[in-house]
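Asks: Structure incoming, see below.
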Amino acid sequence: QGQLLAKSWSSLFEGQASAALRGPVYSFNGRNVLTDPLWPRRLAWHGSTLRGGQARRRDCQGWRSSGPGEGLATPLGEGRLLTGQRHNCSEA
């Protein structure tokens, strides 16, 4: 959509003061994640470590709705995109 999300690639991941995502942020179906009621939690699911590697057993890979699973997600606009808070993989 041509929107500027951050001043630089490193500011997006390193948590600088200017790193907060600039809205709007669009989903693949064109909805603004920051304002649309379909997205009440406004999380960026990533399953990555702080350094960008795969967070094994925290990425929801292979998860099925019939089983437990935990993934890492970060609330949009908090500054460090790869900080991870644990969430159940069945969360919307």
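Asks: Please name all residue pairs, on different chains or six or more residues apart, with Cβ atoms under 7 Å, provided the first residue is in segment 50-67 and is more than 16 Å from residue 82 (Cα to Cα) and the second residue is modelled with pLDDT of 75 or more and of a type in the set (Ser, Thr, Tyr).
Replies: Listed by first residue and then by second, the contacts come to 65/90.
Asks: Here's something else I'd like to know. Here is a check on your reading of the model: is residue 21 in a loop (DSSP other than H, G, I, E, B), surrounded by 14 or more Cβ atoms within 10 Å (Cβ to Cβ) and at pLDDT 75 or above?
Replies: No, not satisfied.
Asks: State all residues of segment 61-88 that are surrounded by 11 or more Cβ atoms within 10 Å (Cβ to Cβ) and at pLDDT below 80; if no residue qualifies, say none.
Replies: Across segment 61-88, the qualifying residues are 61, 63, 76, 77, 78, 79, 80, 81, 82, 83, 84.
Asks: Quick one: in segment 40-53, which of the residues that are farther than 24 Å from residue 7 by Cβ and at pLDDT 80 or above is most open to solvent (accessible area, probe 1.4 Å)?
Replies: Restricting to residues being farther than 24 Å from residue 7 by Cβ and at pLDDT 80 or above, the top hit is 41.
The values are calculated or read from the model by the stated rules, or taken from the named source; none is laboratory data. Since this is a predicted model, take the numbers as computed values, not measurements. Positions of Cβ are generated from backbone atoms using ideal geometry, with glycine treated the same way; all protein chains shown enter the neighbour counts. When the accessible area is computed, the model is the full protein with side chains, heavy atoms only, and any ligands, DNA or RNA have been set aside. Shrake-Rupley method; radii C 1.70, N 1.55, O 1.52, S 1.80 Å.
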